[in-house]
1. How big is the antiparallel share of DSSP beta bridges in region 129-214, given as a percent to the nearest 5?
2. With a cut-off of at most 10 other beta carbons within 10 Å, and DSSP calling the residue loop, which chymotrypsin sites (Phe, Trp or Tyr not before Pro) in region 161-211 qualify? Please list them.
3. Amide H neighbours of VAL160 under 5 Å, counting only residues 5+ apart in sequence or on other chains, H built in-plane at 1.01 Å?
4. Out of HIS170, LEU202, VAL132, whose Cα points farthest toward the positive end of the dipole of region 129-214 (charges: +1 Lys, Arg; -1 Asp, Glu; placed on Cβ)?
5. When Lys and Arg each count +1 and Asp and Glu each count -1, what net charge do the other residues less than 15 Å away from THR123, Cβ to Cβ, add up to?
6. Give the long-range amide H neighbours of LEU152: residues separated by 5 or more places, or on another chain, with amide H under 5 Å away, using H modelled in the peptide plane at 1.01 Å from N.
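Bear in mind these aren't lab numbers, they're just calculated from the coordinates by the rules spelled out. This structure is a prediction, so every number in the text was calculated from the model and none was measured. All Cβ positions, even for glycine, are placed from backbone atoms using ideal geometry, and neighbour counts span all protein chains on display.
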Amino acid sequence: MSIPPSIPELKLDVSDSDSDSDDRPLNVDMQNLKLGSTSSESISSSLSVSSSSSNLSPASAHAARPPSATFKVPLPPNKTKVETSRNVFPMLGGPQRAGGSLPGRRKVPLGPGFSPLDWARLTMSGQNLRGVPQLARYTLEDVAQHKKRDDLWMAIQGKVYNVTQYVKFHPGGAGQLMRGAGKDATELFMKVHPWVNIDSLLEKCHVGYLVKDK
């Protein structure tokens, strides 16, 4: 708090000769009195401002502050990795996708005991799934003689298979398998499910090799 200036003294002009008289008016220095009044008002105003400032609440004091430049904190870079098809399982268009976009890819319900696991057990059982004593060479004319559901042969990638026992295990159903009956079904096979390892799937059904002529 600032120290208020001293208030000038009031000068009373009283003569010695009349000191005992109460009836005479006092001569007051009005100029000094006016200055004293002004100084008093200044002091009162200063005290009033100081008192008002000290009574401001924190919120009011903050609002009374002059606006300052805003400071924006920069956001961290976006490090989210975009998911690609190679990181997705099942893969887009892969064999595990039920709704793949490849043509002709339709699964049918298989009966009890005809799941892929059941087929794997059958191939390891020692049962003769070929139907022939040994491997041989066959032409397309030879393969065409086996195009019935109970006697079904087909050629895939230069090899001839007897798929008669596999009809009930085929995920696409017997009708789809019959499309390649008695002919070279390589193109059809690659169009529908090129990811399937035919050598592993039908190893026990391999009866020979496809040739142009014997």
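1. Beta bridges within region 129-214, antiparallel portion: roughly 70 percent.
2. Answer by residue number: TRP195.
3. VAL207, GLY208, TYR209, LEU210
4. HIS170
5. Net charge in that neighbourhood comes out at +1.
6. Those lying under 5 Å, H to H, from LEU152 are VAL163, THR164.
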